[in-house]
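Undergrad: This is the structure I want to talk about, given as structure tokens.
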């Protein structure tokens, strides 16, 4: 089976072909989206094996999702389907300044109705990492229960459990519940990977070291923070009780197209690096590089590189920096 198991909600993405408010757009191009889908694609393109757990509707969008995952060499054994609920989708506009206008159609989606019973069917025996995002837990009570069931099973099998909060206030009943449950899940995991804004919201701290300490003092082994414009930072607790820190500046983004999906690219680089036993400095460099590459492409995962493309970018970027 696969090295990494992921779970979450796939979303069919329609990006406007023309600028302007979404209500005025007449033509869109179809893509694939969903934070955990993006992470899975990124890891797979770097040559690692991934199994994705989700639920899709028995509809044309569901067929598209499964075909997309198969074409990306992502194991779809645990992509279940239901005739009762639809596959979620979203619309995204074009924007030259700031984040684009986005609208989600995910209420009562098939993925939001995924239950913990599905976890029983997942084979953890050969996996090394369980990666989770916070969206599944926020979509529904059953998504929250499924998240906890995955963590419990991964613990029994000795997997490393990683977590990206992926804060989406709009899908939660309240901000209070979002923070409470997101931090509950985070503190059950080995590695927590928020971006700087998420870390500030969840911890109430403003300094990266204190953000990391918030989770390290609660049992988390390592905290990796995507600082976006300031690069990335890692702090982890060693076996002797001491701490190790690493920080890496960002790579240049020569032509910014779309920031959405870049954070997922960062996470995919970290996960692949963990499987490759990279040290923390190299982990962060790999994550930063993919983040930069993805920002320069339209679509939430279209820019995620193959190993050859990533190596070429990092070599080129290093040469530019050395001049």
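The values are calculated or read from the model by the stated rules, or taken from the named source; none is laboratory data. All of these numbers come straight from a predicted model, not from anything done at the bench. Cβ sites come from the backbone with ideal geometry, for glycine too, and all protein chains shown count toward neighbours.
Undergrad: Condition first: touching a strand residue (DSSP E or B) at 6+ places or on another chain (Cβ under 8 Å), assigned to a loop (DSSP other than H, G, I, E, B), under 18 Å from residue 265 (Cβ atoms) and touching a residue at least 40 places away in the same chain (Cβ under 8 Å). Can you find one or more residues in region 165-182 that meet it?
TA: The answer is yes; a qualifying residue exists.
Undergrad: Out of 50, 25, report the one residue that is surrounded by 22 or more Cβ atoms within 10 Å (Cβ to Cβ) and in contact with a strand residue (DSSP E or B) (Cβ under 9 Å, 6 or more places away or on another chain).
TA: Result of the check over 50, 25: 50.
Undergrad: Of all the strands (runs of 3 or more DSSP E) wholly in region 37-109, which have at least 1 residues that are without any contact (Cβ under 8 Å) to a residue 12 or more places away in the chain and under 21 Å from residue 3 (Cα atoms)?
TA: Once the strands (runs of 3 or more DSSP E) in region 37-109 are filtered for at least 1 residues that are without any contact (Cβ under 8 Å) to a residue 12 or more places away in the chain and under 21 Å from residue 3 (Cα atoms), nothing remains.
Undergrad: Name the one entry in 93, 138, 57 that is surrounded by 23 or more Cβ atoms within 10 Å (Cβ to Cβ) and closer than 29 Å to residue 30 by Cβ.
TA: Every option except 138 fails the conditions.
Undergrad: Starting from residues that are part of a strand (DSSP E or B) and either under 13 Å from residue 249 (Cβ atoms) or over 18 Å from the mean Cα position of the chain (by Cα) (or both), keep the ones in region 218-233 and report whichever is modelled with the lowest pLDDT.
TA: 228
Undergrad: Can I ask one more? Which residue is modelled with the highest pLDDT, if the candidates are limited to region 280-323 and must be in a loop (DSSP other than H, G, I, E, B) and surrounded by fewer than 17 Cβ atoms within 10 Å (Cβ to Cβ)?
TA: The selected residue is 306.
Undergrad: Which of the residues that make up region 1-33 are part of a strand (DSSP E or B) and free of Cβ contacts under 8 Å to residues at least 24 places away in the same chain?
TA: 29 - this is the single residue of region 1-33 that is part of a strand (DSSP E or B) and free of Cβ contacts under 8 Å to residues at least 24 places away in the same chain.
Undergrad: Just wondering, is there one or more residues in region 245-258 that are crowded, with 19+ Cβ neighbours inside 10 Å, within 26 Å of residue 136 (Cβ to Cβ) and either out of contact with any helix residue (DSSP H, G or I) (no Cβ under 6 Å at 6 or more places or on another chain) or in contact (Cβ under 8 Å) with a residue 40 or more places away in the chain (or both)?
TA: yes
Undergrad: I'm checking my understanding of the structure. Among residues of region 135-159 that are farther than 18 Å from residue 120 by Cβ and in contact (Cβ under 8 Å) with a residue 60 or more places away in the chain, which one is nearest to the chain's Cα centre (by Cα)?
TA: 135
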